[in-house]
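The values are calculated or read from the model by the stated rules, or taken from the named source; none is laboratory data. Here the structure is a predicted model, which is why all the values come from computation and not from measurement. Ideal geometry is used to build each Cβ from the backbone, glycine not excepted, and the neighbour counts take in all protein chains shown.
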Amino acid sequence: AEPGSAAPEWVPHPDNAVIARSGLENFERVFGRRPEGIWQSPGRANLNGEHIDFLGGRCLPLALPYGTLVAAAPRTDGLLRMRTLEPTLDEGIVEVRVEDIGPGRPEGWTGYVAGALWGLHEVAECTPGISIPEGFGADMLIRSTLPVGGGLSSSAALECASILAFAGMITGSDEHDDARRAALAHACMMAEVRVVGANTGGLDQTASLRSHAGQVVSLDCRDFSITYRPADALLDGHRLIGVDTRTPHWLGGHEFSSRRLDAEAAARFLGADRLRDLLPETPSQDDVETVLRRWEDAAPTAEQLVGRDPGDAFRRLRHALTEMLRSEQIDALLAGETGVSVPCAVGRILTSGHASMRDDAEASFAAADLIVDTALSAGADGARLIGGGFGGSVLMLVPEQNVEAVTEAVAAAVVKAHLPSVRFLDIQPADSGHLVCR
Ligand code: ADP
């Protein structure tokens, strides 16, 4: 590194077994008894498919080696007692009566944990093998190994680790087949929408609960069916690196919801329940342009768009359609259907995805734009903002031999621009949530 430049800071891969051992001790200190088990569920990165899960598009997430651990023991008095070890959120034990959980209750971070139990109650009736005993509650201790609020789905990791703990304690088994895992993911999504009150389309929860190590999850959000694509060709001589911009997206909730309203209004104007239905099974650039021309010919007014601004709605439409196309293109590349160099082609698509997030979704921010530009000039094959936007993380695809140059350039660029110093995460597709120890 040049004198005065910042050395890149990496977030090491957590050793869940080691963390679980200290978790056992902490649990006993906090709750005065031993936990029944410790469960972990991962955060996620998304190769492509931001802001389109709720429109029925394809998303390409992969589970991270980083996530959230929950140590838990059951109760029979209908109480949920929760504590997080996340320094900025820890307020000691928070106690909630299970019967009081509902829309907006409890508020704050405990809503994700309590919401998971609420969601499990919602799906229990139609999920074979899940029967929740009267008065079921739990003591729960939480610890994350990924940045909280960093666009890597710490919230979904928390919900999913919690629901695995609940399901494990209730059934006495931690072997859940894919149908059960899909039901649990749906329960967590409902929890986030109804209890926490956040607009989520199910991508994050699916990635956390239904991933496989070494695979990209090719998720069709029309029916939440998955095709697993091996990541080997993508990672051949390359690394996927996350950049935590340390710009939390706390203030992005309202903006994100407004993007969703724009896109949904555009879909409805074009006569589609789900925007994805306007494109054929295997869409081309021409198909995207045909829909965009239809829009331009119709030139809808704000009144026809339930009050949404027509210019905004058009840009959200263009982001969503091109993002859907990019997902199908990457999916075909990962399926080995094209015969071209996968990292190089995927890299280009990542970068055009960033331009779309910046210009059409208008969800980017200064640090992300700077990091993407810097990474590309320093030798990355591609880079883009991932997560909902307005803060969060950047994903870079970097040839092995350029990793040092790219991370050093990015670390130096943010310092020079007086932005928060970044942290790098080495992303290898990990397994979905599971029991760590009992
Ligand atoms: P992210 O991109 O990380 O999912 P969100 O804003 O969607 O960001 O979710 C972050 C929120 O999730 C936190 O504000 C907190 O309420 C909750 N959360 C995540 N991890 C933890 C944790 N370890 N302990 C307590 N709450 C957590």
Practice task
Tell me, yes or no, whether the range 239-246 has at least one residue that is farther than 26 Å from residue 65 by Cβ, surrounded by 20 or more Cβ atoms within 10 Å (Cβ to Cβ) and not aromatic (Phe, Trp, Tyr).
Solution key: no
Completion exercise
Filter the range 239-272 for residues that are part of a loop (DSSP other than H, G, I, E, B) and closer than 30 Å to residue 305 by Cα; the one that is farthest from the ligand (Cβ to nearest atom) is 271
Exercise for the section: Looking only at the range 283-301, decide whether some residue is small (Gly, Ala, Ser), farther than 30 Å from residue 415 by Cβ and touching a helix residue (DSSP H, G or I) at 6+ places or on another chain (Cβ under 7 Å). Expected result: no
Exercise for the section: Mind counting the residues in the range 360-391 that are farther than 17 Å from residue 316 by Cβ and at pLDDT 95 or above? Expected result: 21
Practice task
Scan (1) touching a Pro at 6+ places or on another chain (Cβ under 9 Å); (2) touching a residue at least 12 places away in the same chain (Cβ under 8 Å) for the single condition residue 299 breaks and write down its number.
Solution key: (2)
Practice task
For residues that are over 18 Å from residue 23 (Cβ atoms) and in a helix (DSSP H, G or I), scanning just the range 151-162, find the one that is nearest to the ligand (Cβ to nearest atom).
Solution key: 155
Handout entry: Subset tally (residues that are within 24 Å of residue 258 (Cβ to Cβ) and touching a Gly at 6+ places or on another chain (Cβ under 7 Å)) for the range 204-221
Key = 1
Exercise for the section: Pull up the range 68-85, narrow it to residues that are closer than 18 Å to residue 192 by Cβ and within 11 Å of the ligand (Cβ to nearest atom), then point me to the one that is surrounded by the fewest Cβ atoms within 10 Å (Cβ to Cβ). Expected result: 82
Problem - Residue check for residue 36: over 20 Å from the mean Cα position of the chain (by Cα), over 30 Å from residue 328 (Cα atoms) and of a type outside the set (S, T, N, Q) - result: yes
Exercise for the section: Taking residue 340 as meeting all but one of (1) surrounded by fewer than 17 Cβ atoms within 10 Å (Cβ to Cβ); (2) in contact (Cβ under 8 Å) with a residue 60 or more places away in the chain, write down the number of the exception. Expected result: (2)
Handout entry: Residue within the range 374-384 that is assigned to a strand (DSSP E or B), small (Gly, Ala, Ser), buried (at least 23 other Cβ atoms within 10 Å of the Cβ) and more than 16 Å from the ligand (Cβ to nearest atom) present
Key = yes
Problem - Residues of the range 99-150 classified as more than 12 Å from the ligand (Cβ to nearest atom), part of a loop (DSSP other than H, G, I, E, B) and of a type in the set (D, E, K, R), total - result: 2
Practice task
Answer yes if at least one residue in the range 111-128 is of a type in the set (S, T, N, Q), farther than 26 Å from residue 222 by Cβ and surrounded by fewer than 24 Cβ atoms within 10 Å (Cβ to Cβ), and no otherwise.
Solution key: no
Handout entry: Residue list for the range 86-110, restricted to those being polar (S, T, N, Q) and buried (at least 16 other Cβ atoms within 10 Å of the Cβ)
Key = 110
Problem - the range 166-184, residues that are among the hydrophobic types (A, V, I, L, M, F, W, C) and over 20 Å from the mean Cα position of the chain (by Cα) - result: 166, 167, 169, 170, 179
Problem - Condition broken by residue 170, with the remaining ones in (1) buried (at least 22 other Cβ atoms within 10 Å of the Cβ); (2) more than 16 Å from the ligand (Cβ to nearest atom) satisfied - result: (1)
Practice task
Considering every residue within the range 224-233, establish whether at least one is more than 12 Å from the ligand (Cβ to nearest atom), surrounded by 19 or more Cβ atoms within 10 Å (Cβ to Cβ), over 19 Å from residue 128 (Cα atoms) and not hydrophobic (A, V, I, L, M, F, W, C).
Solution key: yes
Practice task
Check residue 66 against each of (1) of a type in the set (Phe, Trp, Tyr); (2) over 14 Å from residue 146 (Cα atoms); (3) part of a strand (DSSP E or B) and name the one condition it does not meet.
Solution key: (2)
